[in-house]
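Q: Would you mind keeping the following structure in view while I ask a few things?
The values are calculated or read from the model by the stated rules, or taken from the named source; none is laboratory data. Note that the structure is predicted; figures quoted are calculated from it, not measured. Because the Cβ atoms are built from the backbone with ideal geometry, glycine has one as well, and the counts that use them run over all protein chains shown.
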């Protein structure tokens, strides 16, 4: 089973469509880079994944759970978060230890299965 599965993702800002029909799969443990020019939709895509952009269509599954229309606070409880540029994912976890990372000027995107998230929370509490 894929850790992250995106099918037919479309993202909007009002009447403007910013991302058209995006499809991809990321396996657990796989490293993926999202590369593109300024304004290509990288941040827009990541915000939509974690529920920060509510104007989206398509299917997004994280660790087998449909997160397509989940609000950001529910998605983050599953272990899928976006850390804006210049910040860290937690007290002991920075971009260099993200399971799935995206970087553009220091931004970081972290995704892990619920089991891995649980391990991270236990180690961060020490």
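Q: Restrict the check to segment 13-26 and report whether at least one residue is in contact with a helix residue (DSSP H, G or I) (Cβ under 8 Å, 6 or more places away or on another chain) and under 14 Å from residue 68 (Cα atoms).
A: yes
Q: Same structure again: Check residue 73 against each of (1) in contact (Cβ under 8 Å) with a residue 24 or more places away in the chain; (2) surrounded by fewer than 17 Cβ atoms within 10 Å (Cβ to Cβ); (3) over 18 Å from residue 19 (Cβ atoms) and name the one condition it does not meet.
A: It fails just one condition, (1).
Q: Here's a follow-up. Kindly check whether there is at least one residue in segment 25-37 that is modelled with pLDDT of 90 or more and in contact with a strand residue (DSSP E or B) (Cβ under 7 Å, 6 or more places away or on another chain).
A: Yes, segment 25-37 contains at least one residue that is modelled with pLDDT of 90 or more and in contact with a strand residue (DSSP E or B) (Cβ under 7 Å, 6 or more places away or on another chain).
Q: So which residues in segment 1-35 are in a loop (DSSP other than H, G, I, E, B) and surrounded by 11 or more Cβ atoms within 10 Å (Cβ to Cβ)?
A: Within segment 1-35, 28, 29, 30, 32, 34 meet the criteria.
Q: Collect the residues in segment 42-62 that are touching a strand residue (DSSP E or B) at 6+ places or on another chain (Cβ under 8 Å), surrounded by fewer than 17 Cβ atoms within 10 Å (Cβ to Cβ) and part of a loop (DSSP other than H, G, I, E, B), keeping them in residue-number order.
A: If the condition is that a residue be touching a strand residue (DSSP E or B) at 6+ places or on another chain (Cβ under 8 Å), surrounded by fewer than 17 Cβ atoms within 10 Å (Cβ to Cβ) and part of a loop (DSSP other than H, G, I, E, B), then 52, 55 are the ones that fit.
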